[in-house]
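Let me begin by presenting the structure, written as structure tokens, before commenting on it.
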Amino acid sequence: MLTREIPREQWGKYFDDFSKKYEGWVVDVEELDSEIGDQKEAVGLPLVGISADLKDRENRVEVIIGGRPDADVTRIINAPKRVWVKEPQAAGDEVIEVESEDGTRTLITLRHVPPEETERQLPANA
């Protein structure tokens, strides 16, 4: 698995392209924090999109998953400092890691579940 850092000036395009390619695929979102420990924020929900807002002092990355009234999660990552992507040999098992200025890391793990199979695998109220 190849790990590479995405340069800051490419975050917007990278996340736009990633979101278009993997919209509807199943993701897990986990926050890694040395003070409070690892926290699962979402498990097995379809990706709506990831975006970077770097135009003002409130720099942030937004991860939106679920996209349904009964399962909708928006994870806002404030003050992002670095973004890495771990790319496997086959599409569908990527991991994006976003490190914040405070040292918190957020992992967005894409599972190899294409959108056409997502509805069959997720419970109706997931």
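Values in this text are rule-based calculations from the coordinates and carry no lab data. Quick caveat: nothing in here was measured; it's all calculated off a predicted structure. Cβ: placed from backbone, ideal geometry, glycine included. Neighbour counts: every protein chain shown.
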>> Among 28-35, 54-61, how do they line up by average Cβ neighbours within 10 Å per residue, starting with the highest?
In response: 28-35, 54-61
> Normalised by the residues of the stretch 2-121, what does the relative contact order come to in percent, with Cα pairs under 8 Å and at least six apart?
Replying inline: 28
>> Averaging over every viewing direction, what projected area does the convex hull of the Cα atoms of the stretch 2-121 cover, in nm²?
In response: 7.8
>> Around P7, under 13 Å between beta carbons, what's the net of Lys plus Arg minus Asp minus Glu among the other residues?
In response: +3
>> Cut-off under 23 Å on the C-alpha distance; same-chain residues fewer than 8 positions from K55 excluded. Which lysines are left, in chain and number order?
In response: K13, K20, K81
> How big is the gap, in Å, between the Cα center of the stretch 31-60 and the Cα center of the stretch 14-30?
Replying inline: 13
> Within a Cβ distance under 9 Å of I64, other residues only, what is the Lys/Arg minus Asp/Glu net charge?
Replying inline: -1
> Around V85, what is the net charge, scoring Lys/Arg as +1 and Asp/Glu as -1 over all other residues with Cβ under 9 Å from its Cβ?
Replying inline: -2
